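Remarks on the structure that follows.
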Amino acid sequence: MISKEDGRKSDPIRWHGNGAVRVARDRPSAVHQREVRVGVVGCGYWGAKHVRVLSATPGVAELSLIERDVALCDNMQRVFPGTRAFRSLEAALPHVDAVVIATPPQTHGELALMAVREGKHVLVEKPLVTSLGEAESLVEAARLSDRITMVGHTFQFNPAVRELRRRMVSGELGKIYYIHSARLNLGLYRPDVNVVWDLAPHDVSILNYLLDSRPDSVMAWGASLAFGDVHDLAYLRLEYREPEVTGYAHVSWLDPRKTRTVTVVGSEKMAIYDDLSEDRLRIYDCGLEGHLDGPPLHERPPAYRYGDMIVPYIRPDEPLALQDKHFIDSIRTRTEPETDWMTGLSIVAILEALHQSIREGRPVSVSNSFARSRQANCASMGIS
Ligand SMILES: NC(=O)c1ccc[n+]([C@@H]2O[C@H](COP(=O)([O-])OP(=O)(O)OC[C@H]3O[C@@H](n4cnc5c(N)ncnc54)[C@H](O)[C@@H]3O)[C@@H](O)[C@H]2O)c1
């Protein structure tokens, strides 16, 4: 069954399914910052969406566009006339309280470090960074600051994913046998990361969130088909120990049909979350009858149980708008965000292990990476 957070609340660090979460006990939750000046660094495909949702987010006082492509920035300013424009983060820093970093992944680390060290609240798009070492530097810098530091694992704010998790936690699906995620499309190829670093952060964050856990080991296979040594297709396997579930993910930039599905197969019910369907979430009341205690398969064929398929009502709220509102609310109320940089670090550790598994063709333990990060974190806090 789904494990709940065991929360050793007196520890300054407590282990959560997604990694260690700093406890914001030194932050007075009653202190409110009425309005926040926000800068969006990188106003390309995804940054432009942040600008759109932030321009309608309560508590955002002033919005700055931080984009080095002049023509792009000018266009954005025409669409959002009340915004200020800067060519670099350095130039914008004196004019903002918080930044959203939506630049290519390889640039996240340097920009996020600069912002947090200058005392800004920071939301970094996924993946947090592209190496565990960089993630550790960010977590350490966040620990030394009293700022809100968040990572954009948008699916954790997706109402359909949250509803699916609610039903899994309630036990409605029974024992979870396996979860399969598929994220396929033709493109979009990125110049700086492969398909695992680009797409799998979503699958890994969804699986970790649904299971309130993180895998102990991973195995992956990848292929570089269209562009030199850039992996554009990968199959991933994530072994969770608590609860004991195997997660699978198929990610591809080289597929004719756009697919965004997560299938959860339980002993009682099964579910399909399809992000592209009008019926985002379908719960299937079907399965096998009496197979666990029954005679072996060769003695008696299994009995199948077919029942209703229901489509729960899901509020049509935009996940990115919910995520950015959560960032602004966390700043205003000084509360720890749900997806802090430690959550981002845990996903970077898994991505790094997946990458290593593809290179070496063997299963790779993730626990060692977590243990190392945890040790480093505890050591920097003076905890033995
Ligand atoms: N959460 C999601 O569902 C989701 C979806 C798509 C992309 N993303 C993430 O968003 C980020 C951006 O992706 P994208 O597709 O928008 O990329 P993009 O290439 O379309 O845009 C990046 C923009 O950043 C600008 N830029 C780069 N370095 C800069 C700097 N130092 N200062 C100012 N501007 C700079 C570029 O000029 C460009 O306009 C990536 O981390 C990606 O993984 C997240």
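Against the compact-protein benchmark of 2.2 N^0.38 Å, the Cα-based radius of gyration of segment 244-345 scales to 1.55. For the chain, the pair-distance distribution built from all alpha carbon pairs, in bins 20 Å wide starting at 0, is 27, 58, 14, 1 percent. The longest part of the chain holding none of the exposed loop chymotrypsin sites (Phe, Trp or Tyr not before Pro), meaning those outside H, G, I, E and B in DSSP with at most 15 other Cβ atoms within 10 Å, is 1-188.
Per Stokes-Einstein, at 10 °C and 1.306 mPa s, what whole-number D in µm² s⁻¹ belongs to segment 26-97, with the Kirkwood radius over Cα pairs as the hydrodynamic radius?
Numbers: Rh = 12.7 Å.
Translational D for this selection: 125 µm²/s.
Which of the pairs Lys49/Lys269; Lys126/Lys325; Lys175/Lys325; Lys120/Lys325 have their Cα atoms more than 27 Å apart in this structure?
Lys49/Lys269; Lys175/Lys325
Sites listed here are GluC sites (Glu not before Pro) in segment 266-340 whose DSSP assignment is loop and whose Cβ has at most 15 other Cβ atoms within 10 Å: Glu268, Glu278, Glu299.
Entry note, the chain: the mean residue ellipticity at 222 nm calculated from DSSP H runs of n ≥ 4, each adding -39500 (n - 2.57), is -10000 deg cm²/dmol after division by the residues and rounding to the nearest 500. The mean accessible area for residues of the chain, using a 1.4 Å probe and ignoring ligands and nucleic acids, is 46 Å² per residue.
Semi-axis lengths, largest first, of the ellipsoid equivalent to segment 130-270 are 25, 23, 14 Å, with √(5λ) applied to each eigenvalue of the Cα gyration tensor. Split the accessible area of the chain by element, probe 1.4 Å, and carbon with sulfur accounts for 52%.
Candidate membrane-span-like segments in the chain, meaning DSSP H helices with Cα atoms spread over at least 24 Å of their own axis and a Kyte-Doolittle mean of -1.0 or above, are 341-360, with no membrane implied. Close amide-amide hydrogen proximity is noted between Val122 and Val99, Ile148, Thr149, Met150, each under 5 Å apart and 5 or more residues distant or on a separate chain (H modeled in the peptide plane; Pro and chain starts excluded).
The values are calculated or read from the model by the stated rules, or taken from the named source; none is laboratory data. No experiment lies behind these values; they were computed from the predicted model shown. Positions of Cβ are generated from backbone atoms using ideal geometry, with glycine treated the same way; all protein chains shown enter the neighbour counts. Protein only, heavy atoms only, side chains kept; ligands, DNA and RNA dropped before computing areas. Shrake-Rupley method; radii C 1.70, N 1.55, O 1.52, S 1.80 Å.
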